[in-house]
Amino acid sequence: MELFTKRLLIIASIGHFIVAMLHYVMPFLGPWAYAYFGAPELTKMAEAGSQLPAIEAFILAIIFSIFGFMGLSAAGIIQHLKIIRNILWVVGSIYMLRGLLVIVQIYLLAQGTETQIKDIIYSLVSLVIGAIQLLGLWFSRDVKLSTQFNKV
């Protein structure tokens, strides 16, 4: 069970790092990237020459990277960080809540409104990352990961 728990937390961390990389790359792709990933207001700002969209994307990338490092810490891959578990419960819950938008999106799609498939995919990705992280935390509730997994 310990190896399973460690793997769940590592998979969730990889998901966080992938989301972070998307945010790191977005400013270099240009205004169309903001539009494609669902931020039309940032698209307009980027087209007008504003640096604010790039700054926002980099800040979000840093936050998602921190989430990834926290997951690796909880899995015992890197040094244990303080209050990690509580923060990861919040992060996983935020991902799950974002992912649950898929229910509304599928309903709107069934009603014939302009819901894009990519938005449903983004929600599903959030749902999966959040579920994996919360499962990893749930299964590790009785295990001291930072010391136990160094022996695995």
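The numbers here are math on the coordinates, done by the rules we state, and not lab data. A quick note: this is a predicted structure, and the numbers were derived from the prediction, not measured. As a convention, Cβ positions derive from the backbone with ideal geometry for all residues, glycine included, and neighbour counts pool all protein chains shown.
Some values worked out for this structure:
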quantity	calculated
Summed residue charge, Cβ within 14 Å of GLY92's Cβ, Lys/Arg positive, Asp/Glu negative	+3
Percent RCO, i.e. relative contact order, over the chain, from Cα pairs under 8 Å lying at least 6 residues apart	34
Over region 12-152: Kirkwood hydrodynamic radius from C-alpha pairwise inverse distances, Å	16.5
Dipole axis of region 2-151 (+1 Lys, Arg; -1 Asp, Glu on Cβ), positive-most option in GLN116, PHE58, SER73	SER73
Rh (Kirkwood; distinct C-alpha pairs) - region 96-141, Å	11.2
Proximal aspartates and glutamates to LYS6, defined as alpha-carbon separation beneath 20 angstrom and excluding residues fewer than eight positions away on the same chain	ASP142
